[in-house]
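The values are calculated or read from the model by the stated rules, or taken from the named source; none is laboratory data. In this text, all values refer to a predicted model and were calculated from it rather than measured experimentally. Here the Cβ positions follow ideal geometry from the backbone for every residue, glycine too, while neighbour counts run over all protein chains shown.
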Amino acid sequence: AQSVTQLGSHVSVSEGALVLLRCNYSSSVPPYLFWYVQYPNQGLQLLLKYTSAATLVKGINGFEAEFKKSETSFHLTKPSAHMSDAAEYFCAVSEGRTGNQFYFGTGTSLTVIP
Amino acid sequence: EAGVVQSPRYKIIEKKQPVAFWCNPISGHNTLYWYLQNLGQGPELLIRYENEEAVDDSQLPKDRFSAERLKGVDSTLKIQPAELGDSAVYLCASSPGGGGVAGVYNEQFFGPGTRLTVL
């Protein structure tokens, strides 16, 4: 079975600073990887996804993530944090012949300090 | 295009009472998921449907939880009787469905969730 580890349940950055949220996965087969964002009292919204194409994936709101097979990582970055980035972020991996089984990390809460 | 619709958004009940949640997936999406999300945690799968068939319900506490997806469209998740520990957010998601083709990923689209409080 797959597993996802998000290092750091809480991350605080200053407005304008680099955002780095870490995600490591375990997989015996090539994974499909996702980052989701969740704002208070809302469902999860897809930020970006890796599906075995380019290893550097660009998503919405200026976020990007790089798939590193040797490190089994898929860290999420944004060059300059904005106040509106404050939210909960989840890394997820899918497996299965049809890619229909998803496993989520425990999430990282991002705080942006003005 | 309408997203995944869930109702109610909030529900407060007393323990031992029954409760039901409803989900309408995106039109044409064959796969439907119900997740449980506890505070400060990631979603945990309760049940996954491929059309009307429950293909993964291994994490569904079947002594009190039940689900159905009649006609492979809308779905209902029920808890009877509810316990204090059931207080959480119940998320519904849908995806187009891989159709059995190896290597096909499926992006999930989430509804806003139902926040259940059991008193």
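Just for the range B:40-86: of the residues that are within 14 Å of another protein chain (Cβ to nearest Cβ) and polar (S, T, N, Q), which one is farthest from residue B:111 (Cα to Cα)?
This residue is B:58.
For the range A:89-109, does any single residue satisfy the condition of being among the aliphatic types (A, V, I, L, M), assigned to a strand (DSSP E or B) and at pLDDT 95 or above?
no
Checking residue A:2 against (1) touching a residue at least 60 places away in the same chain (Cβ under 8 Å); (2) closer than 23 Å to residue A:81 by Cβ: exactly one of these is not met. Which one?
(2)
Identify, please: which residue in the range A:56-94 is surrounded by 20 or more Cβ atoms within 10 Å (Cβ to Cβ) and in contact (Cβ under 8 Å) with a residue 60 or more places away in the chain and is, among those, farthest from residue B:59 (Cα to Cα)?
A:81
Only one residue in A:26, A:9 is within 19 Å of residue B:40 (Cβ to Cβ), surrounded by fewer than 15 Cβ atoms within 10 Å (Cβ to Cβ) and within 15 Å of the chain's Cα centre (by Cα). Which one?
A:9
Only one residue in B:97, B:111 is surrounded by fewer than 21 Cβ atoms within 10 Å (Cβ to Cβ), within 8 Å of chain A (Cβ to nearest Cβ), closer than 30 Å to residue A:53 by Cα and in contact (Cβ under 8 Å) with a residue 60 or more places away in the chain, so which one is that?
B:97
Find all pairs meeting these conditions: Cβ atoms under 9 angstrom apart; at least six residues apart or on different chains; first residue within the range A:31-55 and at pLDDT below 85; second residue basic (Lys, Arg).
A:41/B:9; A:41/B:115
Using the structure shown, decide if residue B:40 is among the small types (Gly, Ala, Ser), out of contact with any strand residue (DSSP E or B) (no Cβ under 6 Å at 6 or more places or on another chain) and without any contact (Cβ under 8 Å) to a residue 12 or more places away in the chain.
Here the answer is yes, as residue B:40 does meet what is asked.
Since residue B:37 meets every condition but one in (1) surrounded by fewer than 18 Cβ atoms within 10 Å (Cβ to Cβ); (2) within 17 Å of residue B:111 (Cβ to Cβ), which condition does it not meet?
Going through the list (1) surrounded by fewer than 18 Cβ atoms within 10 Å (Cβ to Cβ); (2) within 17 Å of residue B:111 (Cβ to Cβ), residue B:37 breaks only (1).
Does residue B:47 satisfy the condition of being under 27 Å from residue A:37 (Cα atoms), aliphatic (A, V, I, L, M) and out of contact with any Ser or Thr (no Cβ under 8 Å at 6 or more places or on another chain)?
yes
Can you name every residue in the range B:7-44 that is acidic (Asp, Glu) and outside any strand (DSSP E or B)?
B:14
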